[in-house]
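Heads up: the structure comes next, in structure tokens.
The values are calculated or read from the model by the stated rules, or taken from the named source; none is laboratory data. A quick note: this is a predicted structure, and the numbers were derived from the prediction, not measured. Cβ: placed from backbone, ideal geometry, glycine included. Neighbour counts: every protein chain shown. Ligands, DNA and RNA are stripped out before the accessible areas are found, and what is left, the full protein with its side chains, is counted by its heavy atoms. Shrake-Rupley method; radii C 1.70, N 1.55, O 1.52, S 1.80 Å.
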Amino acid sequence: MVPAVHLSPVASMRRCVALMMLPVGFCSPASLRGATPAQPDFECDAQPKGAYEAIELSNSAGTTRATLIRYGATLTHLTFAGGRKGPVDVVLGWGDAREYCASPQHTYFGATIGRVANRIGHGSFELEGKEYRTPLNEAGFDTLHGGWKGFDRRVFDVVAQDGSSVTFQYTSPDGEEGFPGTVTLRVTHAITEDDEWLISYNATTDRDTVLALTNHAYFNLNGNVDNTPTVMEHIMTVPTGDKYVEVDAKLLPTGAVAPVADAPALDFREAKALGRDIDQGTVTPLGGYDNAWVFSGWSPEASLKELPVLVEVHTPLTGIGLRMKTTEPSVQIYSGNFLSGTDPATRIPRKRSQSFGTEPQFYQWRGAFTLEAQHYPDSVRVPQFPSVVLRKGKVYTQQTSYQLFAHTEGL
């Protein structure tokens with residue numbers, strides 16, 4: 001057995017350039033962060049019947065439509081008809097739903113993430129004086145998005161459904177992926193008359209545990225119309241994003257929450273194009289975003305209805321805008337740093353709803369952004385961060401909405 005060779009990000013980037021002769025931004029996450037242990041068998045052909053079958057939702061006007069599957073309680077399509085280019089599917093995904101399980105390029109497209117979204121440093125945490133260990137599924141160094149078989153790889157039951165909403169349920173047994181307690185989770189996806197994709201989470205546990213959930217949709221409000229490769233011209237505003245969670249070279253928090261005024265590339269308090277300062281980001285040698293913005297004035301008691309818009313994005317090409325609200329304290333924005341449209345080993349074909357013409361087309365570097373509503377990364381290990389502990393007898397709740405709208409200002 002040959003031991004894994006762990007290179008620094010800069011050294012890894014140089015290796016990618018030398019060996020692959022590709023633009024440096026197209027190197028894979030593993031090559032930048034060290035070797036990841038071999039994946040387990042996900043038994044994609046042995047999943048329960050109907051795991052990959054489409055569940056269609058729509059509002060009464062048909063202006064916003066969504067498709068989901070039970071595998072990972074995953075959103076596969078979100079189509080808005082109110083822009084200037086006709087109906088546009090604004091989220092990335094696989095053309096064959098089985099690929100949400102089978103593809104080695106596991107991107108978490110549209111999936112429910114848990115038990116703990118984002119990273120757990122060194123795959124360990126303490127709760128009430130006891131240490132728990134979770135899988136080191138990212139570069140052999142940390143736990144990413146709940147481990148090898150997080151909620152994104154579990155098949156949920158459908159417990160309620162109508163034309164505009166579906167409620168999924170999954171019971172995670174005590175010890176699953178190393179986490180304590182049996183957790184029963186319900187997550188409802190609804191398409192509202194106001195063109196919102198509304199996600200509501202509800203969970204309980206039979207013993208004290210940790211829980212921090214999100215959805216990992218990748219947005220491209222152009223939907224690759226006119227073969228647009230990136231989202232760099234999208235205009236973003238995070239008006240109350242006064243601070244961000246500072247991270248180290250492995251994207252783990254240092255414990256500091258710093259002002260964006262001291263990091264201009266991360267300052268979206270005033271509207272600016274995603275691509276304007278992205279090369280000054282620090283999460284890869286080429287820049288990029290994979291950061292948690294902290295909302296000022298956050299309160300765990302606030303309801304979704306009373307909250308302001310926390311993130312707004314729009315694109316001039318299609319005239320589609322997106323407004324995000326959430327009861328969570330932060331948003332993780334990822335800029336598709338490791339999507340590759342040129343490397344035959346890792347490139348991901350665009351699904352049919354985002355392909356145009358007869359030639360094969362692929363998702364490109366920086367071809368999407370995420371708005372992952374969540375608690376701070378590694379909150380299980382950083383005591384000064386808002387707690388993600390769920391006590392026995394308490395109920396975990398979260399609501400996040402993404403409202404699509406026709407953006408006409410300046411067009």
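Which residue out of Glu328, Glu301, Glu359, Glu306 is without any contact (Cβ under 8 Å) to a residue 24 or more places away in the chain and closer than 25 Å to Ser379 by Cα?
On the way: Glu328 fails: without any contact (Cβ under 8 Å) to a residue 24 or more places away in the chain; Glu359 fails: closer than 25 Å to Ser379 by Cα; Glu306 fails: closer than 25 Å to Ser379 by Cα.
Among Glu328, Glu301, Glu359, Glu306, only Glu301 is without any contact (Cβ under 8 Å) to a residue 24 or more places away in the chain and closer than 25 Å to Ser379 by Cα.
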Test: Ser340 is modelled with pLDDT under 95, under 21 Å from Gly223 (Cβ atoms) and open to solvent by 20 Å² or more (accessible area, probe 1.4 Å): no
Flag for Gly241 being without any contact (Cβ under 8 Å) to a residue 60 or more places away in the chain and open to solvent by less than 10 Å² (accessible area, probe 1.4 Å): no
Selection status of Pro48, in a loop (DSSP other than H, G, I, E, B), at pLDDT below 95 and either open to solvent by 80 Å² or more (accessible area, probe 1.4 Å) or within 29 Å of Tyr170 (Cβ to Cβ) (or both): no
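Are any residues in region 183-238 at pLDDT below 95 and crowded, with 22+ Cβ neighbours inside 10 Å, and if so, which ones? Give the derivation first.
Filtering region 183-238 for residues at pLDDT below 95 gives 224-229.
Matches in region 183-238: Asn224 only.
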Boolean, Tyr132 is aromatic (Phe, Trp, Tyr) and more than 25 Å from Thr254 (Cα to Cα): no
Members of region 79-114 that are more than 19 Å from Val158 (Cβ to Cβ) and not in a loop (DSSP other than H, G, I, E, B): Thr79, Phe80, Val88, Asp89, Val91, Glu99, Ala102, Ile113
Some residue of region 98-121 being surrounded by fewer than 19 Cβ atoms within 10 Å (Cβ to Cβ) and on the phi > 0 side of the Ramachandran plot: no
Region 388-411: number of residues that are more than 30 Å from Asn59 (Cα to Cα) and either open to solvent by 80 Å² or more (accessible area, probe 1.4 Å) or among the charged types (D, E, K, R) (or both): 3
Criterion violated by Pro300 - all others in (1) within 30 Å of Val183 (Cα to Cα); (2) touching a Lys or Arg at 6+ places or on another chain (Cβ under 9 Å) satisfied: (2)
Pairs where the first residue, in region 256-271, is without any contact (Cβ under 8 Å) to a residue 60 or more places away in the chain and of a type in the set (Gly, Ala, Ser) and the second is open to solvent by less than 20 Å² (accessible area, probe 1.4 Å) and not in a helix (DSSP H, G or I), C-beta under 6 Å, 6+ apart: Ala265/Gly281
Strands (runs of 3 or more DSSP E) (entirely within region 255-327) containing at least 1 residues that are open to solvent by 50 Å² or more (accessible area, probe 1.4 Å) and touching a strand residue (DSSP E or B) at 6+ places or on another chain (Cβ under 8 Å): 311-314, 320-326
Any pair with Cβ under 6 angstrom, 6 or more apart, that starts in region 146-157 at a residue that is touching a residue at least 12 places away in the same chain (Cβ under 8 Å) and within 16 Å of Leu211 (Cβ to Cβ) and ends at one that is of a type in the set (D, E, K, R) and open to solvent by less than 10 Å² (accessible area, probe 1.4 Å): Gly146/Arg115
Count of residues meeting criterion [open to solvent by less than 30 Å² (accessible area, probe 1.4 Å), of a type outside the set (D, E, K, R) and in a strand (DSSP E or B)] in region 133-164: 3
Any hit, region 370-383, residues being open to solvent by 10 Å² or more (accessible area, probe 1.4 Å), among the aliphatic types (A, V, I, L, M) and in contact (Cβ under 8 Å) with a residue 12 or more places away in the chain: yes
